[in-house]
Each structure stands twice: as structure tokens, then as C-alpha cells.
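These notes are about the structure you will find just below.
The values are calculated or read from the model by the stated rules, or taken from the named source; none is laboratory data. Keep in mind it's a predicted model, so treat the numbers as computed, not measured. Reconstructed Cβ throughout: ideal geometry from the backbone, glycine too, with neighbour counts over all protein chains shown.
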Amino acid sequence: DLARSYRAVLRSRPVLFMSAQYFCWSFGMYGFIFWLPSIVKSGTGEGIGTTGLLTAVPYAFAVVAMLVNSRLSDRSGRRRAAVWPWLAVGGLALFGSYAAGSRFPLAFAMLVVAAACLYAPYGPFFALVSSLAPAGISGAAVAMVNSFGALGSFAGTYLVGWVRGTSLGDAGAFAMMAVGALLSAALTLAVRDPRPAAEPLGTVTGQPEPAEAR
């Protein structure tokens, strides 16, 4: 039943790690999404029209990155390797964007890289969660991971805005978003890649053994 499924999920170490991972990822991601227009506007000093156009650029690259990464992951069957490197690079790009300071073209280029890297792992990530879940309860596992992600998105949106209004300013905000992305990469590395089930004896490329050979 449902209660038994959730008890099994709560006892699953990989699912707990993935829940914490998605919390950290969503923390950095939604802090970035919600405050990106304000960051771009403060960096350019332009009006709402130019700010809106510039804000759309990172998402265009993010769409391409998502499609390419998902396709490559499906071809190779490697899920974990299609998640953590992107998140690590995304976190470093957020640090780099702040470090660029008043050099807005460089800072904006780093924001584009960060957006592409933070969005790219979505498809492989949920495939990884499903494959790590105990047999028969992948739905409950995905629901739990999504719940932690929702908490992370709320926390990231609120805290990044709050930090920007303190003496820490944009430095603190970028640091928080970057740390969230880097922690999510580390937590992904903490789980093992699920191994495909071994083929039955007497089979070659999945074909059954000929009857006369039995």
C-alpha cells in the first residue's frame, strides 16, 4: 500500500541522497531563475525591454543543453555522469559570473553557461532516480524527491533575495547559488550508478539459447 511504499522510500539511502541533492539543486536553480532579471538589469542599467531580451538568452542555451545531454545519456545509458559534471560546472560558472565584476559581457557569458549547465541534467536525473529506487516504488521515490525539490526552490528564492538585501549583496547571493549547485554535484557522486541486470546464462545479445543446445 501507499504507506508501505513511503516507508520503503525513507529506508532507501540512494533516494534520501537524491532528495537532498534535488533540494540543493533547486535551491541554486530557483534562486537563479527568480533573480536573474534583477541581476541582468543591475549589471546593464538598461530598461525592461533590453533586460527581458537578455534574460531570454540563457534559457535558449539551456533548451539546447537539455536536449543534447538527454540524447547522449539515452545513447550511453549513463545517468550519473550526465548529471554531476553539469552541476559542478554550473556552480563554478556562478562563482565566475560574480568574479567578473563590472565586466558585464564576461559576467553575462558566465550566466549563460550557468543556466545551460543547471538545466541540462533534468532528463537524466529523473531517469537516475527511477533506477535507484527500490523495486516497485519508483513513483513514491520520484514524489519524495520532487517534494524536497519544491522545498529547495522556495528556500532558494527567498534566501537569495534576502541575502541580496543585506550587506553581503550580490556576492552572498551568488555564493549561495553556487554552493547549492556544487553540493548537488557532490551528492550525485555519493550514489553508485545502477548496474544493468546480468543477462541469463545461455543467451547472446538477449536471444534465447537454441532448443537443441539444451
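Numbers for the structure displayed
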| item | result |
| --- | --- |
| Residue match in region 167-180 (condition: assigned to a helix (DSSP H, G or I), touching a helix residue (DSSP H, G or I) at 6+ places or on another chain (Cβ under 9 Å), farther than 23 Å from Ser12 by Cα and free of Cβ contacts under 8 Å to residues at least 24 places away in the same chain) | yes |
| Test for Ser70: is it touching a helix residue (DSSP H, G or I) at 6+ places or on another chain (Cβ under 7 Å), of a type in the set (Ser, Thr, Tyr) and more than 21 Å from Pro37 (Cβ to Cβ) | yes |
| Within region 1-44, considering residues that are in contact with a helix residue (DSSP H, G or I) (Cβ under 6 Å, 6 or more places away or on another chain), aliphatic (A, V, I, L, M) and surrounded by 18 or more Cβ atoms within 10 Å (Cβ to Cβ), the one farthest from Val160 (Cα to Cα) | Val9 |
| Lone unmet requirement of (1) buried (at least 18 other Cβ atoms within 10 Å of the Cβ); (2) within 26 Å of Val191 (Cα to Cα); (3) modelled with pLDDT of 90 or more for Pro58 | (2) |
| Region 2-23 - residue that is farther than 10 Å from Leu132 by Cβ and of a type in the set (Ser, Thr, Tyr) and, of those, farthest from the chain's Cα centre (by Cα) | Ser5 |
| Residue match in region 115-130 (condition: surrounded by fewer than 17 Cβ atoms within 10 Å (Cβ to Cβ) and on the phi > 0 side of the Ramachandran plot) | no |
| Condition met for Val40 (part of a helix (DSSP H, G or I) and at pLDDT below 90) | yes |
| Subset of region 18-36 (residues that are among the aromatic types (Phe, Trp, Tyr) and more than 14 Å from Gly152 (Cβ to Cβ)) | Trp35 |
| Of all residues making up region 181-195, the number that are part of a loop (DSSP other than H, G, I, E, B) and either modelled with pLDDT of 95 or more or among the β-branched types (Val, Ile, Thr) (or both) | 1 |
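Yes or no, residue by residue, for (1) of a type in the set (Gly, Ala, Ser); (2) touching a helix residue (DSSP H, G or I) at 6+ places or on another chain (Cβ under 7 Å); (3) touching a residue at least 40 places away in the same chain (Cβ under 8 Å); (4) surrounded by fewer than 19 Cβ atoms within 10 Å (Cβ to Cβ):
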position	(1), (2), (3), (4)
Met66	no, yes, yes, yes
Arg78	no, no, yes, yes
Gly91	yes, yes, yes, no
Ala107	yes, yes, yes, no
Met110	no, yes, no, no
